[in-house]
Amino acid sequence: MHRQNYYREILRIRRVEEEIIRLYPSDKIMSPVHLSIGQEPISVGACMALQPEDVVFGTYRGHALYLAKGGDLRQMMAELFGKVTGCARGKGGSMHLIDLAHGVMGTSAVVGTSIPQAVGYAYALKAQKSKSIVVVFFGEGAMEEGVFYESLQFAALKKVPLIFICENNLYAIHSHSTGRHAQPRHCDRVEAFGIPARRIENNDGEALHDAVTDARNAILKHGAGPFFFEAMTYRWQEHVGPGTDWHLGYREENEISAWKACDPVLKLANELDPDILTRIDAEIQAEIEDAVAFAEGSPFPQVEELYTDVYA
Amino acid sequence: MDRIIKCSEAIREAIDQEMAVDERVILLGQGIDDAKGMWGTTLGLQKKYGEERVFDTPLAEDGMTGVAIGAALAGLRPIHTHIRMDFLVLAMNQLVNIAAKTRYMYGGSLGVPLVVRAVIGRSWGQGAQHSQALHSWFAHVPGIKVVMPTTAYDAKGCLIQAIRDDNPVLFVEHRMVHQAQSHVPIEPYALPLGKARILSSGTQLTLVATGHMVMESMRAAEVLKTLGLSVELIDPVTISPLDSATIFNSVEKTRRLLVVDNGWLNCGFSAEVLARSAEHFQGAGNISYARMGFAPVTCPTTKALERQFYPNVFNIAAKAADMIAPGISLSEELCPEAPEITLFRGPF
């Protein structure tokens, strides 16, 4: 894995999210935002193991996945601004990002709902003898939904070219998983369906990258699949919105220190050449400024657009 | 060339002919590959098109609806079947939150060309959870089309169009209508969705009926004819988008509108038809309105009560007669129970 690219991709997403935080009080983004800060290594590690033609499905906390898979930053920023140049012409917003050209098949705001679609998409790819795979991302809260188990069962039955990635950030909004799960061994439950499952600790996008690479090869070369990975990670910001939420008291602020200790941005910054870091920072800054200017300068949809695209 | 076949045969023929010409069409649903083949509507299709395109599913309506949507996103054209419409309640999330909204919430960048077949049950004690007609629920939601044909001819043409349509289409069938026969061309043909059909012309009352109630209303219209009363019977065929114009044109002439829905009344399709008509005519010219449908209760199993749950030929004819010529008497003997109900034997 190219560690400089890994660092760059994570940092790029983090800087975009920080820009959203900076812009939010201006009320230019008049919609909910579920920020990915802290969880970017999972999206980046997994997507760096994919090809452009591979397809991903995600969740409302989808900025990181969208950008990691190659989603267009200008169109994302315009979408957040509600502009017609947005990836969904302003009709989807932060929770419904899409970029078909880069294999981002959409993100859903109802927990767990995109999981069976990923299974169906993978079924179609297999039927079409395609040489690409599907990866679906969801949180550990989605593993409480019945549709998750229905999806596992059918995916295993039909051996579809799919990788399930659970981003376990421990919390569903403000509820810790210990209050929601009868037993925490998620991989055991998945393995009961005959699906190989592995837990990856410490927000380790590099380990996830290698695991996804191997799984993808096994799928395409040997017809294996599906696979399941539980990637342990941590959300630094509040569930929804631009701030932090330590004041709510549902989690201790010192909980974050262990996650910051293994954060790739902080870690790799110490390893890479300072000149390279400076250059990367400048490039990202310029790209973000361009995207914000694009969003600012774009028009809102005409009112006639209210009635378009209800039906084909 | 055409011949007379049953509605269930027309449905099978539509699927068969579309699968033959379009490799993207797949068929999935519980038990579609078994010996009964969903009352014959899927018989032999797996053998003909293979297990990858025609397959049985786990009992997972929610998940399998998502699977069908995902396959549609990838370019296939799935037909997902449910032997009872009641089971669609388990699939509401995927249908309402995903299938209906995908095109709009992604700014038109992709759609869900999906057909969901659902069969309404009736008779032989189908009871609380095998008899529900939920077409109004789905018609409430923008982005999904709802079709409910009641002749073999319309069933074939509408199903072919539903399969070719780039939108999610809920194709509602009725167990009693499966047996209905009509002329059906052998060749494939598509009928436009959103077009009502005038089943019989008349001058004194517009009767709009859905599902099995179309068959009952047709008989009622025949009875009324023997009394010298003239009814125009309209089958909307498509519940959403609704062809209001055909209904308005008829009411313009008859000045009386009776809606007999194969469902409950409260906040339902019958209310929609009357509301549209009332808005359109704005009280001009003294139009009388009425509606009939399921009793506002859970469907009972025992025949003694089930008989009262549904509108029947007699009370449809009586209501229509009263609207046209108040006080006219109608003999119940003219209105025997529908043969498809009398002859129906379970257990399924």
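Read-outs throughout are calculated quantities, based only on the coordinates presented, and are distinct from any laboratory measurement. Source: prediction; values computed, not measured. With ideal geometry, Cβ positions are generated from the backbone for all residues, glycine too; neighbour counts draw on all protein chains shown.
Full extension of the chain between A:Val84 and A:Ser31 gives 17.6 nm of extra length, using 0.36 nm per residue less the Cα-Cα distance. How far apart, in nm, are the 7 Å Cα→Cβ label points at A:Glu255 and B:Glu187? Here the answer is 6.9 nm between the modelled labels. Placing +1 on the Cβ of every Lys and Arg and -1 on the Cβ of every Asp and Glu, with no other charges, gives chain B a dipole of roughly 300 debye about its Cα centre.
If R₀ is 56 angstrom, what is the calculated FRET efficiency for the pair B:Arg345 and A:Glu271, using the beta carbon separation as r and rounding to 0.05? Efficiency at R0 = 56 Å is approximately 0.10.
As a proxy for reagent exposure, A:His247, B:His280 were ordered by neighbouring Cβ count within 10 angstrom, fewest first; the result is A:His247, B:His280. The calculated 222 nm mean residue ellipticity attributable to helices in the protein assembly as shown amounts to -11000 deg cm²/dmol, summing -39500 (n - 2.57) over DSSP H runs of n ≥ 4 and dividing by all residues. Each eigenvalue of the Cα gyration tensor of segment A:12-161, multiplied by 5 and square-rooted, gives one semi-axis; in descending order these are 27, 16, 14 Å. Taken over chain B, the convex hull of the Cα atoms encloses 136 Å³ per residue. In a reduced charge model with +1 at each Lys and Arg Cβ and -1 at each Asp and Glu Cβ, the protein assembly as shown shows a dipole moment near 1680 debye about its Cα centre. Mean sequence separation of contacting Cα pairs (under 8 Å, at least six apart), scaled by the length of chain B, corresponds to a relative contact order of 16 percent.
Across the options A:Gly62, B:Phe344, B:Ala133, the greatest Cα extent toward the positive end of the charge dipole of the protein assembly as shown (unit charges at beta carbon of Lys, Arg, Asp, Glu) belongs to B:Phe344.
Normalised by 2.2 N^0.38 Å, where N is the number of residues, the alpha-carbon radius of gyration of segment A:41-115 equals 1.00.
Given +1 at the Cβ of Lys and Arg, -1 at the Cβ of Asp and Glu and no other charges, the dipole of segment B:197-325 around its Cα centre is 240 debye to the nearest 20. Taking the number of Cβ atoms within 10 Å of each Cβ as an exposure proxy, the fewest-first ranking of A:Ser108, A:Ser31 is A:Ser31, A:Ser108. Expressed as an acute angle from 0 to 90° and rounded to the nearest 10, what is the orientation of the C-alpha long axis of helix B:212-226 relative to the principal long axis of chain B? For helix B:212-226, the angle is close to 30 degrees. For segment A:188-289, the pair-distance distribution built from all alpha carbon pairs, in bins 10 Å wide starting at 0, is 12, 26, 31, 25, 7, 0 percent.
In the protein assembly as shown, a dipole from Cβ-located charges (positive for Lys and Arg, negative for Asp and Glu) runs towards its positive end, and of B:Met19, B:Ile198, A:Ser31 it is B:Ile198 whose Cα lies farthest in that direction. Ordering A:Arg12, B:Arg255, A:Arg61 by the number of other Cβ atoms within 10 Å of each residue's own Cβ, fewest first, gives B:Arg255, A:Arg12, A:Arg61.
Counted without the sites themselves, the longest stretch of chain B free of GluC sites (Glu not before Pro) in a DSSP loop having at most 16 other beta carbon atoms within 10 Å is B:53-336. Dividing the convex hull volume of the alpha-carbon atoms in the protein assembly as shown by its residue count gives 174 Å³ per residue.
Summing charges over all other residues whose Cβ lies under 13 Å from the Cβ of B:Ala284, with Lys and Arg as +1 and Asp and Glu as -1, gives -1. Between A:His181 and A:Thr278, the C-beta separation translates, for a Förster distance of 41 Å, into a calculated FRET efficiency of about 0.40. Between A:Arg3 and A:Gln302, the contour length at 0.36 nm per residue exceeds the alpha carbon distance by 103.2 nm.
Each label point was placed 7 Å from the Cα along the Cα-to-Cβ direction; for A:Glu144 and B:Glu252 their separation is 5.7 nm. Taking every C-alpha pair closer than 8 Å and separated by at least 6 residues, the mean separation divided by the residue count of chain A gives a relative contact order of 23 percent.
Summing charges over all other residues whose Cβ lies under 15 Å from the Cβ of A:Glu255, with Lys and Arg as +1 and Asp and Glu as -1, gives -2.
Put simply, the Cα atoms of segment B:197-325 extend 44, 34, 24 Å along their principal axes, the longest span coming first.
Pairs from the table (A:Lys69/A:Lys126; A:Lys159/A:Lys221; A:Lys28/A:Lys83; B:Lys195/B:Lys319) lying more than 18 angstrom apart at Cα are A:Lys69/A:Lys126; B:Lys195/B:Lys319.
Can you work out the base-10 log of I(q)/I(0) for segment A:3-287 at q = 0.11 1/Å, using the Debye formula on its C-alpha atoms alone? Relative scattering, expressed as log10 I(q)/I(0), comes to -0.61.
For segment B:317-331 and segment B:20-58, what is the centre-to-centre distance using only Cα atoms, to the nearest Å? Distance between centres, Cα-based: 48 Å. The stretch between B:Thr226 and B:Ile198, if pulled fully straight at 0.36 nm per residue, gains 8.1 nm over its current Cα-Cα span.
For segment B:2-185, the relative contact order comes to 29 percent (Cα pairs under 8 Å, sequence separation of at least 6).
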